[in-house]
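Just below is one structure, and these are the notes that go with it.
Just so it is clear, none of the values below were taken in a lab; they were calculated from the coordinates. This is a predicted model, so every value here is computed, not measured. Cβ placement follows ideal geometry from the backbone for every residue including glycine, while neighbour counts extend to all protein chains displayed.
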C-alpha cells in the first residue's frame, strides 16, 4: 500500500493517513516515527519510509513525504515525480512477492486503487 503524508509523518493528519492509522493500529505510527532521521522531526520531501501493514490487509505500507501544492511552480511536481519513481522501483523489485500495489491517494488529491 502507498500513502502520501507530510514530512513529519504524523498519521493522525489527513483523511487517508488517519484511516490507515485507525485500521492498522498505533504500532504503525510508532514504526513510522522510528524511521525519522536522528535529531530530526521530519524526513525530506520525496523520501519514503516502509512499515509493516499490521492490521491492514497488506504486508507493507510505503509512506511518501509529499509537500503541499505550490500553485504549479514545479517543485511539487518534481517531488511527486521522485516519489513515483522510488515507489515504482520498490514495486518492480518486489514484484515476485506482491500481487499488486494499492495507491490509496494520488499525492493528496484523488483516491485511486489499482
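Remark: 66, 58 ranked as 58, 66, counting other beta-carbon atoms within 10 Å and listing the fewest first. Using a simple spin-label model with pseudo-atoms 7 Å out from Cα toward Cβ, residue 33 and residue 18 lie 1.9 nm apart.
In terms of the ratio Rg/(2.2 N^0.38 Å) built on C-alpha atoms, what value belongs to the stretch 1-60? All intermediate terms of the calculation are to be shown ahead of the outcome.
Details: Rg = 10.8 Å, N = 60, 2.2 N^0.38 = 10.4 Å.
Working it through for the stretch 1-60, the quotient is 1.04.
Of the residues 60, 75, 38, the one with the fewest other Cβ atoms within 10 Å heads the list, and the complete ranking is 38, 75, 60. Taking other C-beta atoms within 10 angstrom as a stand-in for reagent exposure, 8, 63 fall in the order 8, 63, fewest first.
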